[in-house]
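Structure first, then comments.
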Amino acid sequence: MKKFWKKQASPKVKKIRSRRGGKQTTLRGRLMRSMICLTAAVSAAIAVVTCTLSYYTIRSNMQQQVTRISTAYKQSVENAIKNYSLSLEAIAANPSITSTTSPQSMWKDTLNFLATSYHFSEAGLADKNGKTLDGADISKTDYFQNGSYGGGSYLSTMTKQESGGMALYLASKVNNGTGYDGVVYAKLDSDAFNQVIDGLSIGQKGFGFIIDKAGKIIAHKNPKYIKDEVNYIELAKKNPAYA
């Protein structure tokens with residue numbers, strides 16, 4: 001009877017196999033870790049790109065919104081100025097303000113009535129030398145000097161009053177056919193244009209304000225900027241938030 005013997009691997013062979021198996025396991029682990037790290041890195045990169053794109057998209061949308069709002073309110077301001085200018089020109093063309101058959105007291109009454117009708121704080125008349133009906137001299141004011149040239153009305157910058165308040169003035173050459181050589185002027189209180197931007201808001205904290213051609217703020221939610229005659233151009237140099 002034959003005996004069958006099971007051939008066993010020598011300890012040396014087992015050791016070699018064991019080492020080879022360990023190397024395979026270690027290599028597989030490294031590959032797995034590399035794949036996990038690569039996947040995480042790619043995911044992070046995608047997240048960063050997505051966040052960046054979202055940021056620029058939001059920023060672009062906000063800029064477009066600001067541009068649209070600014071354009072709309074700019075048009076509103078221009079329309080308001082145009083309406084005030086046309087109103088003053090209508091007063092300047094009214095023959096009753098310099099009627100040769102009426103005393104100057106009647107001229108004043110007519111001017112007061114027209115000022116109220118056209119939503120001005122007051123309206124007045126000055127002769128060619130800048131002397132008003134009340135005897136004041138406005139010959140050195142920019143609105144009288146520019147208004148006396150004719151060709152429409154002139155809007156002054158914000159002017160501080162003797163009372164401490166602020167006001168804008170419009171002036172236009174008298175053109176009513178009576179032959180009177182002078183200028184009619186009207187005053188707008190500082191809140192005249194504040195009403196135009198009263199509802200202007202950008203986001204939760206943004207707001208709008210108006211500056212004149214010299215950079216002076218003439219409408220702002222904080223009246224102190226108007227009262228102190230703050231210049232926006234100079235303000236932007238000091239405060240980056242306004243740049």
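The values are calculated or read from the model by the stated rules, or taken from the named source; none is laboratory data. All values derive from a computational prediction rather than experimental measurement. Positions of Cβ are backbone-derived with ideal geometry, glycine not excepted, and every protein chain shown enters the neighbour counts.
Numbers for the structure displayed
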| item | result |
| --- | --- |
| Test: Asn194 is modelled with pLDDT under 80 and either polar (S, T, N, Q) or closer than 30 Å to Leu114 by Cβ (or both) | yes |
| Considering residues of segment 198-216 that are modelled with pLDDT of 70 or more and within 12 Å of the chain's Cα centre (by Cα) only, the residue surrounded by the fewest Cβ atoms within 10 Å (Cβ to Cβ) | Phe207 |
| Within segment 76-98, tally of residues that are crowded, with 16+ Cβ neighbours inside 10 Å, of a type in the set (A, V, I, L, M) and under 17 Å from Val174 (Cα atoms) | 4 |
| Test set (1) at pLDDT 95 or above; (2) more than 38 Å from the chain's Cα centre (by Cα) - Ala92 fails condition number | (2) |
| Cβ pairs under 6 Å, 6+ apart, first in segment 68-91 and on the phi < 0 side of the Ramachandran plot, second in a helix (DSSP H, G or I) and surrounded by 13 or more Cβ atoms within 10 Å (Cβ to Cβ) | Ile91/Leu114 |
| Single residue of segment 124-172 satisfying the filter (aliphatic (A, V, I, L, M) and not in a loop (DSSP other than H, G, I, E, B)) that is surrounded by the most Cβ atoms within 10 Å (Cβ to Cβ) | Ala171 |
| Among residues of segment 173-195, those that are closer than 22 Å to Lys128 by Cα, aromatic (Phe, Trp, Tyr) and not in a strand (DSSP E or B), counted | 1 |
| Members of segment 109-120 that are surrounded by fewer than 16 Cβ atoms within 10 Å (Cβ to Cβ), within 38 Å of the chain's Cα centre (by Cα) and assigned to a helix (DSSP H, G or I) | Asn112, Phe113, Thr116, Ser117 |
| Filtered residue count, segment 64-75, keeping only those that are surrounded by 13 or more Cβ atoms within 10 Å (Cβ to Cβ) and over 16 Å from Asn194 (Cβ atoms) | 4 |
| Qualifying residue in segment 100-108 (condition: in a loop (DSSP other than H, G, I, E, B), without any contact (Cβ under 8 Å) to a residue 60 or more places away in the chain and of a type in the set (Lys, Arg)) | no |
| Residues that are in a strand (DSSP E or B) and at pLDDT below 80, drawn from segment 220-237 | none |
| Test set (1) surrounded by fewer than 16 Cβ atoms within 10 Å (Cβ to Cβ); (2) of a type in the set (Val, Ile, Thr); (3) in contact with a strand residue (DSSP E or B) (Cβ under 7 Å, 6 or more places away or on another chain) - Thr101 fails condition number | (3) |
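Per-residue answers, yes or no, for (1) more than 26 Å from Ala219 (Cβ to Cβ); (2) in contact with a helix residue (DSSP H, G or I) (Cβ under 9 Å, 6 or more places away or on another chain):
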| residue | (1), (2) |
| --- | --- |
| Leu133 | yes, yes |
| Phe144 | no, no |
| Lys173 | yes, yes |
| Lys187 | no, yes |
